[in-house]
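The structure appears below as structure tokens.
Just so it is clear, none of the values below were taken in a lab; they were calculated from the coordinates. Everything quoted here is computed from the prediction, not taken from an experiment. For neighbour counting, all protein chains shown are included, and Cβ atoms are generated from backbone atoms with ideal geometry for every residue, glycine included.
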Amino acid sequence: MTTRITQIDDRVRRRAVLALEGALTLADAELLDLTCRNLQEKSDWAIVIDLKGLTFLTNEGAAILCRLRAANGVALEGMHLFVQHLLEMTEANRRHENEMLGEDCHS
């Protein structure tokens, strides 16, 4: 299983949309993370990850998506219910781990 990442430049809205298709595993999520960082270095456009073509998501992939959304201001759109649920669980687990460590959730 692999993920196709297609970049669509929306010049009117000044945003780069990264449309995902297929399964997002750890290796693919790491590539997506690198792609987002490269886009942020080259442009001041907003970055949107379109998840409507996603058919499978690992826990590691969900963690990277959560980090991109929280730390890098990347917007996530087009989530199917199962993807949304997995991201919510991942964020809840992260908050719980930070509380157990006595850390602030936003650090």
Original post:
Would it be correct to say that E30 is without any contact (Cβ under 8 Å) to a residue 60 or more places away in the chain and over 25 Å from D9 (Cβ atoms)?
Top reply: no
Subject >> Pairs with Cβ under 7 Å, 6+ apart, first in region 12-25 and farther than 18 Å from R37 by Cβ, second in a loop (DSSP other than H, G, I, E, B) and polar (S, T, N, Q) >> reply: G22/T2; A23/T2; T25/T58
**OP:** Evaluate the following for A62: is it crowded, with 19+ Cβ neighbours inside 10 Å, of a type in the set (G, A, S) and over 26 Å from R94 (Cα atoms)?
**Re:** no
Original post:
Quick check: anything in region 81-90 outside any helix (DSSP H, G or I), touching a residue at least 12 places away in the same chain (Cβ under 8 Å), more than 17 Å from T6 (Cβ to Cβ) and touching a strand residue (DSSP E or B) at 6+ places or on another chain (Cβ under 9 Å)?
Top reply: no
Original post:
Right, E41: over 23 Å from N98 (Cβ atoms), among the acidic types (D, E) and free of Cβ contacts under 8 Å to residues at least 12 places away in the same chain or not?
Top reply: yes
